[in-house]
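Remarks on the structure that follows.
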Amino acid sequence: MNSERPINPRFDDDMMFRLVSPGPPRYQTRTDKPVRYFTVVDKQGGAVLGYVWANDEDDAAAWEPRQAAGPRGMSEGGIWHARLEDAKERGILPSQALAELLANPEGNKGRALPDSLTDAPSAAAVEALAKGE
């Protein structure tokens, strides 16, 4: 009697991956050009959860969670990311998406801080702000 387990012959099968679709349209998530951004704060305590930024020239926009907000800042990003994705799917410019988000400021646990729309020299500057640098 052989105690060796039989080898599954499927382990030798070739695998082929086929891209069904390119996925949903998305804004670029990096730019070294100037961006406009606004602050998202917690609805309960008012702590900063993160920032939403955009740049039309590179067709870029993204959510940048504030490191000090921890998991709450990360989870809040889902709603803002989804709203940006929806805007891109409708074919609007990133700056127009920011305007829409500010006009309807409610997120999941956060909301856009009124009058917080401002400029930064790049997305990296917003990222540094989010890290507390």
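Quick one: in the stretch 115-133, which of the residues that are closer than 21 Å to R72 by Cβ and in contact (Cβ under 8 Å) with a residue 40 or more places away in the chain is most open to solvent (accessible area, probe 1.4 Å)? Steps first, answer last, please.
Filtering the stretch 115-133 down to residues closer than 21 Å to R72 by Cβ leaves 116, 126-133.
Applying the additional criterion that residues be in contact (Cβ under 8 Å) with a residue 40 or more places away in the chain yields 116, 126-127, 129-132.
Values: S116: 17, V126: 2, E127: 42, L129: 69, A130: 3, K131: 106, G132: 65 Å².
Per the stated criteria, the residue is K131.
Which residue pairs have Cβ atoms closer than 6 Å, lie 6 or more positions apart in sequence or on different chains, and pair a first residue in the stretch 19-38 that is under 20 Å from R90 (Cβ atoms) with a second residue that is open to solvent by 90 Å² or more (accessible area, probe 1.4 Å) and part of a strand (DSSP E or B)?
Every condition considered, the pairs that remain are R36/D119.
So S122 passes all but one of these: (1) of a type outside the set (D, E, K, R); (2) within 14 Å of the chain's Cα centre (by Cα); (3) over 19 Å from R26 (Cβ atoms). Which condition number does it fail?
All conditions are met except number (2).
The values are calculated or read from the model by the stated rules, or taken from the named source; none is laboratory data. For clarity, every value in this text was computed on a predicted model and none was experimentally measured. With ideal geometry, Cβ positions are generated from the backbone for all residues, glycine too; neighbour counts draw on all protein chains shown. What goes into the accessible areas is simple: the full protein's heavy atoms, side chains included, and nothing from ligands, DNA or RNA. Shrake-Rupley method; radii C 1.70, N 1.55, O 1.52, S 1.80 Å.
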